[in-house]
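Comments concern the structure below.
The numbers here are math on the coordinates, done by the rules we state, and not lab data. Computed from a prediction, not measured in an experiment: that's the story for all the values here. Cβ placement follows ideal geometry from the backbone for every residue including glycine, while neighbour counts extend to all protein chains displayed.
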Amino acid sequence: MDYASFYQQSIDDKASFWKEQSRLLKWDTQPQIAFVENKHGGTDWFPDGKLNMCDLCLDTHVLSGHGLDIAIIYDSPVTGVIEKITYKALLDQVSKFAAGLRNLGIGHGDTVIIYMPMIPQAVVAMLACARIGAIHSVVFGGFAPHELAMRIDDAKPKIIISASYGIEQDQKIHYKRLVDVALKEAKHKTLYQIYYRRQDNDDAISSRFELDFESLMHCGSVGARALPATHPLYILYTSGTTGTPKGVVRDTGGYATALAFSMKYIYNVKQGDVYWAASDIGWVVGHSFMVYAPLLCGCTTIIYEGKPVRTPDAGAFWRVIEQHKVSTLFTAPTAIRAIKKEDHEAALLAKYDISSLRQLFLAGERCDPATFEWISEKLNRPVIDHWWQTESGWPMLGIMTGVESLAPRSGAAGFPVCGYNIAVLNEEGVPVKQGDEGYIAVKLPLPPGCLPQLWNNDYRFRKGYLEKFPGYYLTGDSGFVDKDGYYFIMGRIDDVINVSGHRLSAGEMEELVASRPAVAECAVMGIADELRGQRPLALIVLKDGVLADEGDIEAALVQLVRDKIGAVAFFKSAAIVSRLPKTRSGKILRKTMRAIADGSEFKVPSTIDDPSILDEIADVLKRRKLGMAFQ
Ligand code: COA
Ligand code: AMP
């Protein structure tokens, strides 16, 4: 089979193509209808089908004689624990925990927030929700209580499942205390909080609304409930341009089809393979390729509670590959840059036998050519940058290695994946010439697995994704196609910034910075960073008459963003300027300021109000050594 004709089939006859692919799954009721438009403006896939994601991930394998295969390897260099959990044992834990949830009154359609570190109990909680039709919403553990509170108020969960602590750089992150703070801030009241206690002397369970995770394991066990394919499996919040995150809804049947399809045709993995997505359960990569896809396909997945470096060194990934015979690794380019920085000659890599590794997939941010070339040479295996986002739930561009092993190209994210009819459009919605950069959009309907709606927010769904180019989904990224058809994704067109593969809102940081009494106005933008891809920079204008020390203001703002969003935002720099560059109509020229900091070429916009301010900004950045241009 060749990629071009397989891809074309998926575009020419979407309905038959995906109905055929849906047969990769065991359905309780096989769907007859491929897709219909839903009332939110999105697409519902397989509306008459019924299935249960947990059943597909666990029961199916146990029933087919694979119960003693390893489902999860929990490898935790921060605690020194390595634990292997079979499919049978995982099914047992999940069925019991699901019964415990049901005993608390949690059932079909109820929402549950999961705020946990990288431990197997997080996966147990997710699958238990899926088993009984509760909708989970996992919140990344690196987010501060304010972020958790916003998600509690939007998702309105009946319960929160958390843990006593996580471990970051030898320090305990006390999740229970963070949940307490978030619950004080949130308006919505939950019924119960459930904590997995990692040690006997952990923070005490202090009220009758706080329960021990283990105590839920004694309520019998519960079977998987067949659910409509359109039933929401989860809500995953992601950053947009405003301070309020948007809840991406994921269905069950379309998602399961897309994941089974990805494992076969994109990643080319089979039952029994050890597949490792070194991400976090709080991100979409964690949901799709650490939890659901590998389990759906009967692979072994790795829950790694550590970093690519410092746990204990830059050989950590290679150690895991050797020890657990990983065949496919998926990580973010930032992780590779961190390894490259500490072990440039790959001396640590040479210490390990990584012969099991067939390929490396990268996503989360663009893989810069220098990193691509370094890791390709050191691994001497295919390195595949592929592109997707929380909204899609699975790759949109990449190399479909299970179809045809086309050569990856440095700096490119590959070719459109089956089902994605991708266009590069200009401002008027007309396709640009080959080689020109434009808005990346996907012709509707989106394939299975993609978001059918935003949680309780049709207005934002239509406005943010569907209105700019009627008939297309706007991805928020820009890019171009080269003469051979490779797509290059070059960056965001909005105020979303990408720090270490973490998607964050510059707009939210701007709202926080602007909330300080001394600040008259400000701009926060993502500037280039050698390790993290991007980092935030705030330029601030003080109110008239305010005489404040730049260092003091910066320290206060750094603390504010840490407290409200979290340390992962890596907000470290704020500089005072006399005014911000604007167009005559008052629009702040963030792109121009970013180009000055990055040292990239730019044209002074003809609409600029006062060009002389650009020189002042360059001087301030130079004095403060902020931005790659001034390092
Ligand atoms: N919970 C709490 N805090 C967290 C956290 C978590 N899950 N993850 C990160 N943090 C904190 C860190 O402790 C650090 O705090 P500090 O400012 O007090 O030192 C801060 O957030 C920044 O963390 P990080 O960006 O992870 O920096 P680092 O120096 O610890 O590690 C890398 C650098 C490159 C090794 C790390 O960013 C990394 O592994 N990146 C790859 C990320 C990835 O896989 N993204 C893919 C998403 S698909
Ligand atoms: P998230 O929703 O957190 O997965 O972030 C998605 C965003 O990350 C995309 O819209 C892109 O801006 C960026 N991104 C992810 N993968 C890639 C990639 N391979 N190349 C370029 N950008 C990427």
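So the values come out like this:
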item	result
Values of log10 I(q)/I(0), in the order q = 0.08, 0.09 Å⁻¹, for segment 419-570 under a Debye, Cα-only, solvent-free model	-0.32, -0.41
Summed residue charge, Cβ within 12 Å of Thr475's Cβ, Lys/Arg positive, Asp/Glu negative	0
Kirkwood-based Rg to Rh ratio, segment 418-468, C-alpha trace	1.02
Sum of side-chain charges, Asp202 neighbourhood, beta-carbon under 13 Å (Lys, Arg +1; Asp, Glu -1)	0
Over segment 152-282 - Rg/Rh using Cα atoms and the Kirkwood inverse-distance radius	1.01
Ordering of 601-614, 40-53 by packing [mean C-beta count within 10 Å, highest first]	40-53, 601-614
Stokes-Einstein D in µm²/s, Kirkwood radius over Cα pairs - segment 212-264 at 20 °C with 1.002 mPa s viscosity	150 µm²/s
Listed peptides 379-391, 137-149 by packing density, highest first (mean Cβ within 10 Å)	137-149, 379-391
For segment 496-630: rounded, prolate or oblate by the Cα gyration tensor [a/c cutoff 1.5]	oblate
Fraction of antiparallel bridges per DSSP, segment 55-194 only, in percent to nearest 5	45 percent
Sequence-distant lysines (8 or more away, or on other chains) whose Cα lies within less than 21 Å of Lys189	Lys156, Lys158, Lys176, Lys246, Lys564
Quotient of Cα Rg and 2.2 N^0.38 Å for the chain, N being how many residues it contains	0.94
At q = 0.10 Å⁻¹, base-10 log of I(q)/I(0) for segment 249-389 (Debye sum, equal scatterers on each alpha carbon)	-0.31
Cα-based reach from Lys341 at 29 Å (exclusive), listing lysines while leaving out same-chain residues under 8 positions away	Lys172, Lys307, Lys325, Lys351, Lys378, Lys572, Lys591, Lys622, Lys625
Principal axes of segment 1-139: Cα extent on each, largest first, Å	51, 39, 30
Convex hull (Cα only) mean projected area of segment 431-515, reported in nm² to one decimal	7.7 nm²
